[in-house]
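**Q** Before I ask anything, here is the structure I am working with.
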Amino acid sequence: MFKLRIAFGRGYMEQDQTFIEEQRHLSEIYAQLVAMRDAITEDLETRHKGIAQDLIDMSEEIRPDFVGADETMETLAAIETLNSVIDAYNQSHDFAVDKLRRALLLIMQPYFAKVRLRMRPGRPAQDIYIGATGITDDRRRPLIVDWRSPIAETYYNQEMGTTSYQVDGRTRTVELELRRQFDIVGDVLRLYFDTTVAIEDSLLLRALKRHHSEKLQAITATIQREQNAIVRHEDVPVLLVNGIAGSGKTSVLLQRIAYLFYREREALRPDQVYLFTPNGVFEHYIDTVLPSLGESNPQTYTWRSFLTHLGLSERGTGADTDPERLLALEKALPSFELDPDDLHDIRMGDTVLLKQSQVASAANKFARFPLGPRFAALVCDELHSRLDRRLTQLSRNDAMQEEVLSLDLDDQLQIFGETLNPANDEEIASFTRTYVEHLYNGAHDSIEQLRWLRLDRIGMRMLDAEGISAAEWLYLKLLVSGHGERDARYVMVDEVQDYTATQLMVLARYFSRAHFLLLGDEYQAIRDNTATFDQIRAIFEQTHGSVEELSLLTSYRSSPEITELFASLMDDSRRMSLSSVRAAGVRPTFMELPEREQYLQALTELVDTAAKDEGLTAIVAADRGRVSWLSRQLGDQVQVMRKDETLPKEGVVLMDLRLAKGLEFDHVIIPDAQQEVYPDTPLARRQLYTAISRAMHRLSVIAQGTMTPLLADKR
C-alpha cells in the first residue's frame, strides 16, 4: 500500500498539505546549499590570497642563524611554526574543497528519501533526509545523511515498524514510522511516495519506465533489499554473486565500490581498487556512475588492457590456455634446476652493470633453495648489494667524473637541484655517485621485477613447449616471486562467467592480498570453455580460503513478457525463483522468412520503424561475421559499434553478442534466430538467453529460414 502525489513544475495539489510542507523544506535546504556553496567559494578565493601573503610575511621574518646553540634552536622553532601553519592551511583547505564538492553534488538533487525513526520509546520521532552524499550545517548538525551511512540502512531494509541498523558492530533497533521517497530536480519537488507497507517500491517502478540512456545511471535511490545485502555486505575474502539478467549486478557492483570508499574514506584510495569489465564499450557505459556519487573511478581494465598495462601485449593473451598447463608449472617449480642460459645480465641501455656470470654467481650462492619466492628474494638482495658496489665503482671512474663536471647548468639543476662547485675529490665522487644513480635508477627495479631470469626459457623448459602465452608467463612469475600487486585492496570482476579458469587463476594469484567481488550469470556464459561457478569457487577457495555466495533473482530491466521469454531458456529450478517487477508491456514479435529478399525487406522495415521510435535500438547479431554481413546490407541505416566506443543515446546500433554483454536497450532486434545459428544446444541456449535479455521494452526476433527450436513453441 502506498500514497502517490503528483506535481508538475512548481505546482502542487492545493489540498495536499504534506506536499506543501515538503516543498517548503526542500526550498529551505536548497537555499542553505546554495548559500554554503557561495560562502565556501568566496572563502577559498579570499583565504587563498590572504594565506599566501601571510606565509610570505612569516617566511621573511625568519632570520636563519645557526652560529650558536640558542640561535639554532630559535631558527628551527620558527621554521617549525611556519610548517605548522602550512599544514593547518592545507587541512582546512582540503576540508573546504570537500564540502564544496558535496554541496555542488547535492544542489542537483538535495535528497531522494526520508525516514521517520523513533530511536527510543517515549522519545519524539526524528525525520532523516537521505541523499547521494551527506552534509552538515554550520553547527555540525546533519542536514542530509549519506545513503551509505549506517542509519540510512533503515530505508533500504524496507521494513516498516521495528527495524535495525549496524553501527560499529552493534545493532541499533528503532521504529520506522515513515518511509518517503521523492522525485526531486534542483529545488523542485515533482513527486513523493509514502510506502507504509514495503511490498512495492514506487520510485523504482517510475524509474523503470524511463528509456535507455547512453550511460548507466546510479541506482542509489532505488536499491532493493536483495541488492542492498550485497552493497553493505561485510568485508570478506571473496563474495560471489550469481544474478539473473537485468538484476542490477553492475549497478550493485558500482554502489558497492562507492560504499567501500565511504566506509574506508580515510584509508582506501581509488588506485587500490581494480575493476575488470567485459569490453571498452561497457567501460564507457559505466564511467559516470561513481563520479555522479562524488567518488573517483577505480583502475578499470579489460583482460587485454590489463596485460598491456603489464607490458605483455606482444604475446598471445593466453585466455584460452589449458589451466592444466598452469598446474604443470606449479608442479615443476620445486625440482627445477636453473642453468646459466636461464639468466640475464643486468643492463641499462647498452651499459652492462652486472654480467650474466655475476648473476649466475649470485644465484649459485643460494642454489640449495628451490626456485621460488625465498630463492628469488635472497638472490635479489644479493644482486642489489652487487649493483650498489658496481655503482660506487662507476662513481670513481675518471671519465664519469669528467662527464659530471662538464654538465651544462640546466642538467645540473635538474639532476642535483643546484649548480656544482665541488671543493675536493670527495665531493666530486659524491656528485658522481648521484649522477650514476640518476643514469641507472631503473636497474634496481629490474632486479625486483626478476628481469635477471629468462622466464620464457624457464617456462618452455618446464612445459617442454616452443613458447608460452602471456597468462603462462605471468603465472610463472607469480610462482617464482610469490607476489603480484601488493597494494591492491579490492578487485571487482563483472561478467565473471565469461572468464576462463586460466584467467581467474592468474587474477587470484596476482591479487592474492586483495578481496574479490565476483558477479555474473551462469546462463550468460556465451563462450565454450569458460569457468563454471563450481570452478570459480574452487579457484578462489584455494587462494583466499573461503567464498561466500549470494543470488539476485529479480529482473529490473526487462518487461514481464521479455523476462518470461528468456526465463523459459533456464533450468526449471532456477526459473521458479525468478520474478520481474516491471509493469506489463508489449509481447515479443517473431518473424520466420524463408527467402533472403523477404528477410532483408522485413529487417529493413524493422530498422526504419525503430529509427523513428524514442530510445535506442540494438541489432544484436550472433558473431562478428554476421555483423559484417548485416552492415553491408543495412548501410547507413545503422551505426556499427566497435570496441572502445561510446553508445549513442538514441538511434539504431549494430553489434555482436559479445559486445552487447552487460548493456541494455529499449528495443532489441535479434536478426539471425534461425536454427543453424541457435541450435538446441546448451551453449546456443545461453547465447539466446543473453541476446533476449538485453531488451528493456521491446523485442523483435527474425529468422532467415526455420526458427530456432529453442523458440519454436514460444511464439
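**Q** Report, to the nearest whole %, how much of the accessible area of the chain belongs to carbon and sulfur atoms, 1.4 Å probe, protein only.
**A** 47
**Q** Take the eigenvalues of the Cα gyration tensor for the range 352-509, scale each by 5, and report the square roots as semi-axes in whole Å, largest first.
**A** They are 41, 21, 13 Å, listed from largest to smallest.
**Q** Explain nothing, just the number: dipole magnitude of the range 454-610 about its Cα centre with +1 on each Lys and Arg Cβ and -1 on each Asp and Glu Cβ, in debye rounded to the nearest 20.
**A** 840
**Q** Next question, about the same structure. Could you tell me which of 568, 525, 610 has its Cα farthest along the dipole of the range 495-614 towards the positive end, charges placed at Cβ (Lys, Arg +1; Asp, Glu -1), taken about the Cα centre?
**A** The one lying farthest along the dipole's positive direction is 525.
**Q** Just going by the charge dipole of the range 314-406, with Lys and Arg at +1 and Asp and Glu at -1 on Cβ, which of 321, 399, 384 is farthest out on the positive end?
**A** 384
**Q** So, one more: Mean 1/r over all different Cα pairs, inverted: what Kirkwood radius does the range 569-715 give, in Å?
**A** Numbers: mean 1/r = 0.0639 Å⁻¹.
Computed over Cα pairs of the range 569-715, the Kirkwood hydrodynamic radius comes out at 15.7 Å.
**Q** Let me ask you something else. In deg cm²/dmol, rounded to 500, what helix-only [θ] at 222 nm does the chain give when every DSSP H run of at least 4 residues adds -39500 (n - 2.57) and the total is split over its residues?
**A** Helix-only estimate at 222 nm: -13500 deg cm²/dmol.
**Q** Report, in debye and to the nearest 20, how large the dipole of the chain comes out about its Cα centre when Lys and Arg carry +1 and Asp and Glu carry -1 on their Cβ.
**A** In total the dipole reaches around 2920 debye.
**Q** Here's something else I'd like to know. Can you quote the Å³ per residue value for the convex hull of the Cα atoms in the chain, rounded to an integer?
**A** Here the figure is 243 Å³ per residue.
**Q** Something else now. Give me the distance between the Cα centres of the range 362-410 and the range 421-445, rounded to whole Å.
**A** 14
**Q** Using alpha-carbon pairs under 8 Å, 6+ residues apart, how would you state the relative contact order of the range 552-685 in percent? Don't skip to the end; give the middle numbers.
**A** Working: 155 pairs, mean separation 31.3, N = 134.
Once normalised by length, the contact order is 23 percent.
**Q** Could you order the peptides 586-596, 229-239, 506-516 from most to least packed, using the average number of other C-beta atoms within 10 Å per residue?
**A** Ranked from most to least packed, the peptides come out as 506-516, 229-239, 586-596.
**Q** Rounded, prolate or oblate: pick one for the range 365-435, where a ≥ b ≥ c are the square roots of the eigenvalues of its C-alpha gyration tensor, a/c under 1.5 means rounded, and failing that, prolate if a/b is larger than b/c, else oblate. The partial results should precede the final answer.
**A** Values: a/c = 4.26, a/b = 2.82, b/c = 1.51.
Here the range 365-435 falls in the prolate category.
**Q** Which cross-chain or sequence-distant (5 or more) residues have an amide H under 5 Å from the amide H of residue 143, H modelled 1.01 Å from N in plane?
**A** Hits under the 5 Å cutoff: 135, 136, 137.
**Q** Heavy-atom accessible area per residue, the chain, 1.4 Å probe: how many Å²?
**A** 48
**Q** Same structure, new question: Listed highest first by mean packing, meaning other Cβ atoms within 10 Å per residue, what order do 116-126, 694-704, 522-532 come in?
**A** Most protected by this proxy first, the peptides run 694-704, 522-532, 116-126.
**Q** Residue 497: net charge of surrounding residues, Cβ under 13 Å, Lys/Arg +1, Asp/Glu -1, itself excluded?
**A** -1
**Q** Rank by packing, highest mean first: peptides 451-464, 542-555, with packing defined as the count of other Cβ atoms within 10 Å averaged across residues.
**A** Working: 451-464: 18.1, 542-555: 16.0.
Sorting 451-464, 542-555 by mean packing, highest first, produces 451-464, 542-555.
**Q** Pick out, from 647, 637, 689, the residue whose Cα sits farthest towards the positive end of the charge dipole of the range 627-715, with +1 on the Cβ of Lys and Arg and -1 on the Cβ of Asp and Glu.
**A** So the residue we want is 689.
The values are calculated or read from the model by the stated rules, or taken from the named source; none is laboratory data. Values in this document were obtained by computation on a predicted structure and should not be read as measured data. Don't worry about glycine lacking a Cβ; one is built from the backbone with ideal geometry, like all the others, and counts go over all protein chains shown. These area figures cover heavy atoms from the full protein model, side chains too; ligands, DNA and RNA do not enter into them. Shrake-Rupley method; radii C 1.70, N 1.55, O 1.52, S 1.80 Å.
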